[in-house]
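Down below is the structure, laid out as structure tokens.
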Amino acid sequence: MPPIAAAIGLIVGWQLIITVFGVPQFIAPSPLDVINVFGERGDILWLNFWPTFMEAVAGFVVGNTIAVLLAIWFVHSSLAERAFYPIAVFINTIPIIAVAPILVLLLGNGFAPKIVIAALICFFPTLVNMVRGLKSISPQMLELMRVLSANQREVLFKVRLQSSLPYLFAALKIASTTCVIGAIVGEWIGSNFGLGALIIEATYNFRSPLLYATVILGAGLAVTFFTLTTLAERWLLKWRPSAAI
Amino acid sequence: MAVAEATAGASAPAGSTQDVAISVRNASVVFGEDDDQVVALSDVSVDFADGGLVTILGPSGCGKSTLLRLVADLVPAAEGEVSVFGHTPEEARRRRDFAFVFQDATLLPWRSAIDNVRLPLQVGGGGKIEQHASPEELLALVGLKGREQALPHELSGGMRQRVSIARALVCRPKILLMDEPFGALDEITRDKLNEELLRIWQETGTTILFVTHSIPEAAFLGEKTLVLSAHPGRVLAYVDVDLPHERALSIRDSLEFVTITAMLRDLLEKAS
Ligand SMILES: Nc1ncnc2c1ncn2[C@@H]1O[C@H](COP(=O)(O)OP(=O)(O)O)[C@@H](O)[C@H]1O
Ligand SMILES: [Mg+2]
């Protein structure tokens with residue numbers, strides 16, 4: 001309860017400052033203005049919420065799936081790992097905001113560039129963690145599987161994948177919020193739909209209550225993804241002693 | 001008690017009708033490349049009788065684990081031959097002739113005790129084994145009846161090692177290779193597991209090779225004790241442990257037992 005009380009306190013404080021000092025609405029709206037926007041402009045907000053939601057989900061799925069499959073390949077082929085890991089590291093060093101315009105030029109103005117940006121932003125942490133997770137099994141466990149004449153596929157499905165889950169979820173929790181950032185950044189560049197486009201439009205037109213409401217919606221999306229990922233982690237990692245917490 | 005020089009024929013007592021389970025002939029194991037080679041085992045020849053319980057003793061780094069791993073097809077022989085019931089280690093591994101128990105229980109933490117025991121039946125063609133033991137009965141045999149659904153982290157170190165022994169027995173292996181299985185346990189747990197291992201050995205008739213660096217453990221468990229010397233690993237002695245077949249922990253206070261441990265300690269001093 002203390003966090004909720006603190007949040008309410010801050011919002012009330014914000015409202016008081018705006019009212020007492022008479023801050024103009026276009027510089028900073030009061031909480032009441034923002035709440036009103038959800039009522040009055042709810043249609044625009046929802047219309048632009050769904051594209052961002054879809055892009056973030058699609059980017060999350062695509063980026064993480066490719067990262068996981070690549071990690072599985074790397075663990076089974078040290079040649080592949082030596083050849084492609086440095087390239088993956090290089091891709092990671094390019095600032096995503098800088099590649100976004102390039103992707104828009106390449107892929108047009110539809111969903112594709114946004115999904116690719118969201119996927120790119122998820123990809124690297126998952127790749128790194130997944131490779132580490134798949135390799136986290138003890139040499140003794142590998143020897144046990146060898147004594148049992150288990151093949152690579154059995155080692156992967158019976159041992160490696162489960163062992164990697166704690167590492168994978170550490171990355172997925174990061175990805176669950178960054179995929180929303182990726183989608184919004186993608187929509188900043190010449191897009192005419194999505195929360196990102198709405199943010200740009202509201203800023204240029206000094207519609208700050210709408211701007212604030214859009215940002216709150218984006219944050220809510222990220223928090224929802226994060227919560228869902230955490231719940232999935234709890235459920236899949238029930239066997240861990242710390243999972244009880 | 002007889003101290004025999006370990007030569008090809010010395011392991012089986014003259015006139016014995018016992019079959020040989022494992023035969024190691026002039027085997028050497030070398031690790032590493034040209035410059036920093038380590039000779040872990042050098043020209044080792046030894047026979048292990050079918051149904052016997054042999055303890056393997058020696059200073060640390062003398063090649064005890066390497067000898068077990070050689071039999072288990074986990075390391076190749078640089079020279080010499082190993083035969084397991086007339087087969088190469090690789091064939092024996094595929095036939096599930098042996099099972100390995102490590103110092104660490106090596107359980108899958110997300111699997112319950114019973115599901116860990118089932119693992120050997122689910123990989124490496126283990127599903128085709130028809131004559132396998134019942135995992136439930138094995139857990140009862142190792143004293144874990146009622147804890148079938150417990151996860152490894154809910155069990156004590158001793159219990160985890162019991163699960164790993166049950167897992168090793170599930171394919172009814174002819175040979176159990178145990179590498180310091182109780183080395184990480186406290187003394188009371190270790191004593192109890194020693195007694196239970198003897199009981200399991202008598203009930204199942206499995207051939208057991210048991211590596212330890214504890215002299216009392218080697219003497220208490222072994223029908224015979226193989227003493228290795230270090231750098232390079234060689235067979236120093238292969239001695240019969242002249243104690244009654246039925247052993248209780250109290251035997252460790254007897255004069256015979258103390259005589260045997262004194263002799264083993266003597267040999268170990270020579271070994272290092
Ligand atoms: N995988 C390996 N690579 C290199 N050297 C090894 C390896 N395994 C064992 N050795 C060396 O072989 C020797 C025997 O090791 P080991 O059989 O483990 O001894 P013990 O089990 O008796 O303590 C040691 O000198 C050890 O350093
Ligand atoms: Mg060892």
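The values are calculated or read from the model by the stated rules, or taken from the named source; none is laboratory data. None of these values were measured; they are calculated from a predicted model. So basically every Cβ, Gly included, is an ideal-geometry build from the backbone, and we count neighbours across all protein chains shown. Areas reflect the complete protein model, heavy atoms only, side chains present, ligands, DNA and RNA absent. Shrake-Rupley method; radii C 1.70, N 1.55, O 1.52, S 1.80 Å.
Among the conditions (1) open to solvent by 40 Å² or more (accessible area, probe 1.4 Å); (2) out of contact with any helix residue (DSSP H, G or I) (no Cβ under 7 Å at 6 or more places or on another chain); (3) not small (G, A, S), the only one that B:E195 does not satisfy is (2).
Check the stretch B:34-48 and report whether any residue there is under 30 Å from B:M159 (Cβ atoms) and either in the same structural domain as B:S164 (by TED's automatic domain parsing) or within 16 Å of ligand 1 (Cβ to nearest atom) (or both). Scanning the stretch B:34-48 turns up no residue that is under 30 Å from B:M159 (Cβ atoms) and either in the same structural domain as B:S164 (by TED's automatic domain parsing) or within 16 Å of ligand 1 (Cβ to nearest atom) (or both). Mind listing just one residue for me: the one in the stretch B:229-247 that is in contact with a Gly (Cβ under 7 Å, 6 or more places away or on another chain) and either of a type in the set (A, V, I, L, M) or over 13 Å from B:L57 (Cβ atoms) (or both) and, of those, modelled with the lowest pLDDT? So, considering only residues that are in contact with a Gly (Cβ under 7 Å, 6 or more places away or on another chain) and either of a type in the set (A, V, I, L, M) or over 13 Å from B:L57 (Cβ atoms) (or both), the one modelled with the lowest pLDDT is B:A230.
For the stretch B:171-178, the count of residues that are within 16 Å of ligand 1 (Cβ to nearest atom), in contact with a Ser or Thr (Cβ under 9 Å, 6 or more places away or on another chain) and in contact (Cβ under 8 Å) with a residue 24 or more places away in the chain is at least one. Of the residues in the stretch B:199-209, at least one is more than 26 Å from B:K128 (Cα to Cα), surrounded by fewer than 20 Cβ atoms within 10 Å (Cβ to Cβ) and out of contact with any Leu (no Cβ under 9 Å at 6 or more places or on another chain). Scanning the stretch B:125-135 for residues that are within 12 Å of chain A (Cβ to nearest Cβ) and either free of Cβ contacts under 8 Å to residues at least 12 places away in the same chain or of a type outside the set (G, A, S) (or both) yields B:G127, B:K128, B:I129. The helices (runs of 4 or more DSSP H) falling completely within the stretch B:11-127 that include 1 or more residues that are surrounded by 15 or more Cβ atoms within 10 Å (Cβ to Cβ) and among the β-branched types (V, I, T) map to B:64-71, B:113-122.
All conditions in (1) crowded, with 20+ Cβ neighbours inside 10 Å; (2) at pLDDT below 95 hold for A:V185, with the sole exception of (1). Consider A:T230 carefully, then state whether it is under 21 Å from the mean Cα position of the chain (by Cα), among the hydroxyl-bearing types (S, T, Y), closer than 29 Å to A:P166 by Cα and more than 14 Å from every other protein chain (Cβ to nearest Cβ). Spelling it out, A:T230 is indeed under 21 Å from the mean Cα position of the chain (by Cα), among the hydroxyl-bearing types (S, T, Y), closer than 29 Å to A:P166 by Cα and more than 14 Å from every other protein chain (Cβ to nearest Cβ).
Conditions tested, residue by residue: (1) more than 28 Å from A:D33 (Cα to Cα); (2) touching a Phe, Trp or Tyr at 6+ places or on another chain (Cβ under 7 Å); (3) not aliphatic (A, V, I, L, M).
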{"residue": "A:I199", "(1), (2), (3)": "no, no, no"}
{"residue": "A:T203", "(1), (2), (3)": "no, no, yes"}
{"residue": "A:F206", "(1), (2), (3)": "no, yes, yes"}
{"residue": "A:Y212", "(1), (2), (3)": "no, no, yes"}
{"residue": "A:I216", "(1), (2), (3)": "no, no, no"}
{"residue": "A:L221", "(1), (2), (3)": "no, yes, no"}
{"residue": "A:T230", "(1), (2), (3)": "yes, no, yes"}
{"residue": "A:E233", "(1), (2), (3)": "yes, yes, yes"}
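If you filter the stretch A:94-121 down to residues that are over 18 Å from the mean Cα position of the chain (by Cα) and part of a helix (DSSP H, G or I), you find that the one that is farthest from A:N64 (Cα to Cα) is A:L105.
Each residue in the stretch B:106-118 was checked for being closer than 17 Å to A:R160 by Cα, more than 7 Å from every other protein chain (Cβ to nearest Cβ) and under 23 Å from the mean Cα position of the chain (by Cα), and 2 pass.
The sole residue among A:L148, A:L134, A:L165, A:L161 that is away from chain B (no Cβ under 11 Å) and either open to solvent by 20 Å² or more (accessible area, probe 1.4 Å) or out of contact with any strand residue (DSSP E or B) (no Cβ under 8 Å at 6 or more places or on another chain) (or both) is A:L134.
Please verify whether B:G183 is within 16 Å of ligand 2 (Cβ to nearest atom) and part of a loop (DSSP other than H, G, I, E, B), treating the condition exactly as stated. Yes. Please verify whether B:L68 is within 11 Å of another protein chain (Cβ to nearest Cβ), within 16 Å of ligand 2 (Cβ to nearest atom) and in contact (Cβ under 8 Å) with a residue 24 or more places away in the chain, treating the condition exactly as stated. So B:L68 passes the test.
When each of B:S250, B:S254, B:S214 is tested for being in the same structural domain as B:Q37 (by TED's automatic domain parsing), over 12 Å from the mean Cα position of the chain (by Cα), closer than 21 Å to B:C62 by Cα and of a type in the set (S, T, Y), the lone residue that passes is B:S214.
Candidates B:T212, B:T207: the one that is within 16 Å of ligand 2 (Cβ to nearest atom), more than 14 Å from every other protein chain (Cβ to nearest Cβ) and not charged (D, E, K, R) is B:T212. How many residues does the stretch B:213-250 contain that are part of a loop (DSSP other than H, G, I, E, B) and under 20 Å from B:S65 (Cβ atoms)? Total satisfying the criteria: 6. Of the numbered criteria (1) among the polar types (S, T, N, Q); (2) facing chain A (nearest Cβ under 9 Å); (3) away from ligand 2 (no atom under 16 Å from the Cβ), the one B:Q103 fails is (3).
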